[in-house]
Amino acid sequence: MSTTVTTGTEENVWNGGSHQPLGASYGKMMMWFFLVSDALTFSGFLAAYGFSRFKFIETWPIADEVFTHVPFTHGSYPMIYVALMTFILIMSSVTMVLAVDAGHKMQKNKVIWYMFLTVIGGAIFVGSQAWEWNTFIKGDKGALETKGGRILQFVKADTGERAALSDFAVAIPGERAEHQSKNGVWFYGEGSLPSYTVNEVVKGFKANSNILVRTETINEKGHKTLLSREESLAKLKSATQVVEGANLIHNEYGSRLFADFFFFITGFHGFHVLSGVIINLIIFFNVVLGTYERRGHYEMVEKVGLYWHFVDLVWVFVFTFFYLV
Amino acid sequence: MAHAHKLEIFRGLWKFKNNTQKIWGVLAFLTFITAIEVILGIIKPESLTGTSVLGMKLLNWIFIILTLVKAYYIAWDFMHLRDEKSAFRRAIVWTPIFLVLYLTFILLTEADYIYNVYKDGFVTWNF
């Protein structure tokens, strides 16, 4: 008996007849409800970020001074790269909505091309985020951490530019070498030591009168506070270690919570982008194979489209709260 | 499935001939807003960072409002909320807005209180 009937109505799960609640199909409505719950998750993260930031409002890092790098260039270009990333993601949202539009008109080849471009855009964005993480983890100029966990950065007095540790630190022969397991108890490992020790940085500071210490505190003009030479020397006494780059425990840019939230929120968003790319890829192959052509409609493209736009929507907020405000 | 798209944005101020044109129009608008944000973020005009409205810099309020404008056009035009039934749209939009406003209000008020405890109280983070 031939029972293989494929019609456009078979996947409609609403069983109350032909009438659809709120005029939305089952799949689309459930995608929307998932997105609402996901939006609340992200809101929780961003609100927690706001909580920590308001708690330490006077000492929070200034994003413009943290994210200043652009690939293949040197120098300081705040905002430029992340603006480009934002544009790439919006652009891939546009190709996605064009794919949905072509799907409504049953234009298979157009859907294929637009889906392909969307996947490429998403991949470029994830790659950019990986680069951004790498730059942030490696760090820029280096800093000292005090006993109280505060960060001391260095500035050149004449130009007002940030000074890297390597600009003034002096090597002291005989400072501690990295512990290697072959030299002691084999299970006592040690991560790589910073390029300089505190003593080397302090000695270099004393030898170079052009260097000043900058604390985390933001003054009423919105800049970080610069200490005088004497204040700097007094402050250096409380330094306990050299910090280069950022991880979950130490952060050369300032408050470690800033790094924690950066990794957590952009990481969670990046994970969404990654899964979005994978889902888009699956649907892309389905389109190529003609699955939706045979089903009679391209609603599946519309549903993954909703997810993809949502990822873009979240990024718009992450961009504002991490990089602008 | 019927696919009637509403083809005008800005309350009918900008009308489009077809859906594809509307998509490009919305992209142009979103790019324009992002450009304004980036330019303001780089220049940081003294007049905007100096003025404080409701405990926050005017510039930050502008950023947040521009973000909400962007979010509106992404949801309404890219995610086709404009074409959904209004009851469905309201269920999706107002639920998170209410919960997020509530959560943000509570967390930020509490954070501000803790900030003042550190500032005026006997707790120090800088020893």
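The values are calculated or read from the model by the stated rules, or taken from the named source; none is laboratory data. Note that this is a predicted model, so its numbers are computed, not measured. Every residue, glycine among them, receives a Cβ derived from its backbone with ideal geometry; neighbour counts consider all protein chains shown. We work out accessible area using only protein heavy atoms, side chains counted, and drop any ligands, DNA or RNA first. Shrake-Rupley method; radii C 1.70, N 1.55, O 1.52, S 1.80 Å.
Between residue B:120 and residue A:185, the FRET efficiency estimated from the beta carbon spacing at R0 = 60 angstrom works out to 0.80. Which helices, taking whole DSSP H runs in chain B, have alpha carbons extending 24 angstrom or more along the helix axis plus mean Kyte-Doolittle at least 0.0? Result, helices passing both filters: B:19-43, B:86-120.
When A:31, A:85 are compared by accessible surface with a 1.4 Å probe, the order from highest to lowest is A:31, A:85.
Taking the Cα atoms only, what angle lies between the long axis of helix A:108-138 and the longest principal axis of chain A, rounded to 10 degrees? Between helix and principal axis, roughly 20 degrees.
Compared with the dominant Cα axis of chain A, that is its longest principal axis, helix A:267-289 is turned about 30°. My understanding is that a pair violates if its Cα-Cα distance is over 28 Å; which of A:138/A:203; B:22/B:44; B:57/B:85; A:147/B:44; A:235/B:57 do that in this structure? Over 28 Å Cα-Cα: B:22/B:44; B:57/B:85; A:147/B:44; A:235/B:57. Does anyone have the angle between helix A:26-55 and the longest principal axis of chain A? Alpha-carbon axes, 0 to 90°, nearest 10? For A:26-55 against chain A, the angle is about 10 degrees. Counting, for every residue in A:285-298, the Cβ atoms of other protein chains within 10 Å of its Cβ and taking the mean gives 0. At each listed q (0.33, 0.34 Å⁻¹), what is the log10 of I(q)/I(0) that the Debye formula gives for the range B:85-127 modelled as equal alpha-carbon point scatterers? After summing over all Cα pairs, the log10 values are -1.00, -1.03. For the range A:198-289, the residue among A:261, A:243, A:285 whose Cα projects farthest onto the positive side of the dipole built from Cβ charges is A:243.
Annotation: residue A:55 carries an accessible surface of approximately 40 Å², with a 1.4 Å probe and no ligand, DNA or RNA atoms counted. Remark: mean inter-chain Cβ contacts per residue of A:44-55 equal 5, using a 10 Å Cβ-Cβ cutoff to other protein chain atoms. The dipole here belongs to the protein assembly as shown: it is taken about the Cα centre, uses +1 on the Cβ of Lys and Arg and -1 on the Cβ of Asp and Glu, and is about 680 debye. Reported to the nearest whole Å, the Cα centre-to-centre distance from the range A:29-50 to the range A:226-297 is 18.
Seen through its C-alpha gyration tensor, with square-root eigenvalues sorted a ≥ b ≥ c, chain A comes out prolate because a/c lies at 1.5 or above while a/b is bigger than b/c.
Listed by chain and number, the aspartates and glutamates whose alpha-carbon sits under 19 Å from that of residue B:17, ignoring those within fewer than 8 places in the same chain, are A:101, B:8, B:77, B:83. Putting +1 on Lys and Arg Cβ atoms and -1 on Asp and Glu Cβ atoms, find which of A:165, A:75, A:127 reaches farthest to the positive end of the dipole of the protein assembly as shown. Highest projection toward the positive end goes to A:127.
The dipole here belongs to chain B: it is taken about the Cα centre, uses +1 on the Cβ of Lys and Arg and -1 on the Cβ of Asp and Glu, and is about 640 debye. Using a ≥ b ≥ c from the Cα gyration tensor of chain B (square roots of the eigenvalues), is it rounded, prolate or oblate, where a/c under 1.5 gives rounded and otherwise the larger of a/b and b/c decides, a/b for prolate? Note, shape of chain B comes out oblate. The 1.4 Å probe gives accessible areas that order A:223, A:19, largest first, as A:19, A:223.
The relative contact order of the range B:1-83 comes to 27 percent, based on Cα pairs under 8 Å that sit 6 or more residues apart. Among A:299, A:58, the order of accessible area from largest down is A:58, A:299, computed with a 1.4 Å probe on protein heavy atoms.
Quick one: Cα centre-to-centre distance for the range A:94-169 and the range B:62-105, in angstrom? Here the two parts' Cα centres lie 26 Å apart. Put simply, the C-alpha atoms of the range A:38-183 give a gyration tensor, and the ellipsoid matching it has half-axes of 43, 20, 17 Å, longest first. Each label point was placed 7 Å from the Cα along the Cα-to-Cβ direction; for residue B:17 and residue A:124 their separation is 2.8 nm. Measuring with a 1.4 angstrom probe and ignoring ligands and nucleic acids, residue A:209 comes out at about 90 Å² accessible. Mean residue ellipticity at 222 nm, helices only, chain B: -22000 deg cm²/dmol; runs of at least 4 DSSP H residues each add -39,500 (n - 2.57), and the sum is divided by the number of residues.
Which shape class applies to the range A:134-175: rounded if a/c is under 1.5, otherwise prolate when a/b exceeds b/c and oblate if not, where a ≥ b ≥ c are the square roots of the Cα gyration tensor eigenvalues? Judged from the Cα gyration tensor, the range A:134-175 comes out rounded (a/c under 1.5). Counting Cβ atoms of other protein chains within 10 Å of each residue's Cβ and taking the mean over peptide A:314-325 gives 5.
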